[in-house]
Amino acid sequence: MCGIVGYIGARDATPIILNGLKRLEYRGYDSAGLAVLQNGKIEIRRDAGKLSHLIELVAQSPLSGTVGIGHTRWATHGEPSARNAHPHIGHTGRVVVVHNGIVENFLELREELAAEGVTFNSDTDTETIVHLVEHYQATGLDLTEAARRTFKQLRGANVVVLLSADEPDKIVTARIGNAGGVVIGYGEGEMFAASDIPAILEHTRKVTFLESRQMAIVTREGARLETLDGEPVEAKIHTIPWDPVAAEKGEYRHFMHKEIHEQARSLADTLAGRVDFQNGKIRLPELNLTPELANRIQKIYITACGTAAYAGMVGKYLIEKIARIPVEVEIGSEFRYRDPIIDENTVVLAISQSGETADTLAAMEEGRRKGAVLWSIVNAIGSQAMRIADGYISMQTGPEIGVASTKAFTAPLVDQYMLAILLADLRGTLDEKTRRQLVSDLRLVPDLAGRVLNTEPEIEKVAWALKDIRNCLYLGRGINMPIAYEGALKLKEISYIHAEGYPAGEMKHGPIALIDETMPVVALVTKDPWYEKMISQLQQAKARGGTVIAVATEGDDLVPTMADHVLWVPETPWLLGPVINVIPLQILAYHIAAIRGLDVDQPRNLAKSVTVE
């Protein structure tokens with residue numbers, strides 16, 4: 001992770017790449033680097049820290065050439081350092097790679113390569129890619145075919161860009177799953193590759209986007225697109241408008257749609273620099289959490305508003321289940337008015353996308369006044385909620401423009417999962433085997449999110465069936481109860497349809513009276529500890545004539561016999577289920593609103609940052 005720029009043409013690649021990376025700085029990163037073909041040799045400059053430091057390195061030790069690739073990185077494997085910064089070069093010195101995503105099977109690949117005598121110069125999963133390419137080149141394959149073989153071996157959601165000193169007339173790139181985008185830019189006698197449009201907009205407005213499991217062989221004259229199986233793909237070239245706001249949307253009609261699709265990438269980014277997969281450990285250095293503090297904590301209050309409060313409800317399950325610390329979730333606007341019982345052994349954890357929400361800040365001040373430790377989970381770097389906290393976790397999702405939050409909902413779910421593991425580790429409430437498994441499960445999240453995003457066409461069909469509804473009931477149990485609340489909130493925020501989230505077990509205590517043929521019921525019926533209970537809720541809803549829309553786990557044969565529509569999600573470790581299960585509900589709400597012709601990004605009466613009480 002997380003920013004990529006590539007160039008091939010007649011001009012000097014170095015300033016083009018550095019300027020392109022500068023335009024991607026909004027994503028956040030902890031190291032930066034570039035590789036340029038100079039006089040037939042790959043020259044690399046890279047280091048930990050900001051892009052300004054890389055620019056200084058290049059000024060001190062210049063490099064120039066007409067082909068190059070660059071990268072800004074959030075660490076996912078290995079600490080932020082010069083040796084772990086991208087690009088990574090192979091042992092021959094003739095192939096170099098930059099990469100976004102998580103190679104889920106990197107340990108397996110690393111062991112196989114090590115058994116063949118390959119030595120590694122970093123702690124990253126990325127380095128396995130370049131060594132695999134060299135392995136296949138040694139059998140006589142050219143860069144394109146060696147890359148194709150390599151791409152097909154990688155598990156997980158990944159974006160890869162490669163170049164070789166032996167084939168200086170091309171750059172090879174691929175999108176595997178939904179680890180973020182690949183934009184190919186078309187110039188006059190020059191071509192560009194990037195992870196997002198702003199990096200190349202000053203040079204071209206003609207672009208094409210790779211879909212999942214597609215690769216491109218980019219030369220100075222153009223790009224050849226293929227599937228990973230070698231089938232040709234016709235490149236659909238888009239002309240990006242000069243309007244900078246419209247340009248930021250790229251191929252998407254609305255920012256909300258783009259931000260939904262950015263979640264595979266944003267989830268990988270929120271893991272970046274924090275997860276040590278090899279040792280099964282979590283690192284949250286900005287939280288300033290010591291073993292002494294972890295063992296002193298007797299209670300945690302999570303305070304937030306709206307979508308963030310629902311994220312906090314999921315966090316309550318996670319922290320209590322994994323770390324065994326009592327947690328209460330308090331709406332920010334109510335917290336300070338009820339004189340909460342707080343002391344120095346209490347943590348007040350605020351969750352806010354903007355970090356400027358007035359009610360949440362007021363709740364933090366109440367916690368401070370009573371002597372609590374203040375933590376925050378915030379997306380906006382440098383915001384008030386981050387500055388006044390004793391420690392914080394940055395969501396690392398990048399800007400969220402759409403008023404209805406999507407990627408800034410799923411990121412704090414993962415943040416709280418990591419926090420729960422770290423607390424449990426420091427307090428000694430987890431055995432090593434369980435901790436390692438919980439940490440290992442995080443590797444799956446970006447790819448699982450990408451697989452749900454691939455089901456969008458089927459979800460859109462359901463949206464057409466529901467476009468004229470006036471009310472909707474959302475049901476969930478256990479850790480998915482807050483996802484029912486969040487799904488209902490998304491629908492009413494942007495489509496103006498009345499929707500209500502409810503604990504499924506409470507349906508028979510009132511809401512069941514509303515269910516008839518005019519009341520659709522959206523139920524979360526995934527394979528988790530509450531599955532059998534939710535099956536019972538489906539039966540009750542169907543018996544009253546309700547139209548049932550079920551979020552269900554792939555391969556489930558029972559749910560389709562009871563539901564009118566099924567939104568499928570891949571099998572997911574149940575503690576991480578909410579991260580994946582909410583995505584089809586986001587997509588459903590988006591398409592219903594879009595079909596109804598509404599202003600999805602700026603729904604009436606709502607603002608992105610609520611700075612008044």
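The values are calculated or read from the model by the stated rules, or taken from the named source; none is laboratory data. No experiment lies behind these values; they were computed from the predicted model shown. Backbone-built Cβ (ideal geometry, glycine too); neighbour counts: all protein chains shown.
Quick notes
- Verdict on Ala147 being of a type outside the set (Ser, Thr, Tyr), in the same structural domain as Pro15 (by TED's automatic domain parsing), crowded, with 24+ Cβ neighbours inside 10 Å and in contact with a Ser or Thr (Cβ under 6 Å, 6 or more places away or on another chain): no
- For the condition under 30 Å from Ala408 (Cα atoms) and surrounded by 15 or more Cβ atoms within 10 Å (Cβ to Cβ), Thr239 does not qualify.
- Residue check, Arg283 at pLDDT 90 or above and on the phi < 0 side of the Ramachandran plot: yes
- Condition met for Glu112 (in a helix (DSSP H, G or I) and over 17 Å from Phe277 (Cα atoms)): yes
- Taken over segment 544-556, the criterion of being surrounded by fewer than 24 Cβ atoms within 10 Å (Cβ to Cβ) and more than 20 Å from Ile469 (Cβ to Cβ) is satisfied by Thr553, Glu554, Gly555, Asp556.
- Flag set for Ala179, criterion: at pLDDT below 90 and aliphatic (A, V, I, L, M).
- Of all residues making up segment 487-531, the number that are within 30 Å of the chain's Cα centre (by Cα) and farther than 26 Å from Asn605 by Cβ: 12
- Checked against the criterion of being surrounded by 20 or more Cβ atoms within 10 Å (Cβ to Cβ), under 28 Å from the mean Cα position of the chain (by Cα) and at negative phi, the candidates Gly315, Gly355 yield just one match: Gly315.
- Scan of segment 362-371 for residues that are under 15 Å from Gly391 (Cα atoms) and either surrounded by fewer than 21 Cβ atoms within 10 Å (Cβ to Cβ) or not assigned by TED's automatic domain parsing to the domain that holds Ala311 (or both), ordered by number: Glu365, Arg368, Gly371
- Of everything listed in (1) in a loop (DSSP other than H, G, I, E, B); (2) closer than 30 Å to Gln263 by Cβ, the single unmet condition for Gly65 is (2).
- Residue, nearest to Pro285 (Cα to Cα), within segment 337-379, restricted to residues that are part of a helix (DSSP H, G or I) and basic (Lys, Arg): Arg368
- Residues being part of a helix (DSSP H, G or I) and more than 27 Å from Arg265 (Cα to Cα) are entirely absent from segment 146-157.
- Conditions (1) in contact with a strand residue (DSSP E or B) (Cβ under 9 Å, 6 or more places away or on another chain); (2) of a type in the set (S, T, N, Q); (3) more than 21 Å from Trp74 (Cβ to Cβ); number of the one not met by Gln437: (1)
- Within segment 380-393, considering residues that are surrounded by 22 or more Cβ atoms within 10 Å (Cβ to Cβ) and assigned to a strand (DSSP E or B), the one farthest from the chain's Cα centre (by Cα): Tyr392
- Inside segment 122-145, residues that are of a type in the set (Val, Ile, Thr) and part of a loop (DSSP other than H, G, I, E, B) make up a count of 2.
- Strands (runs of 3 or more DSSP E) lying entirely in segment 1-61 (those with 2 or more residues that are free of Cβ contacts under 8 Å to residues at least 60 places away in the same chain and in contact with a helix residue (DSSP H, G or I) (Cβ under 7 Å, 6 or more places away or on another chain)): 31-38, 41-48
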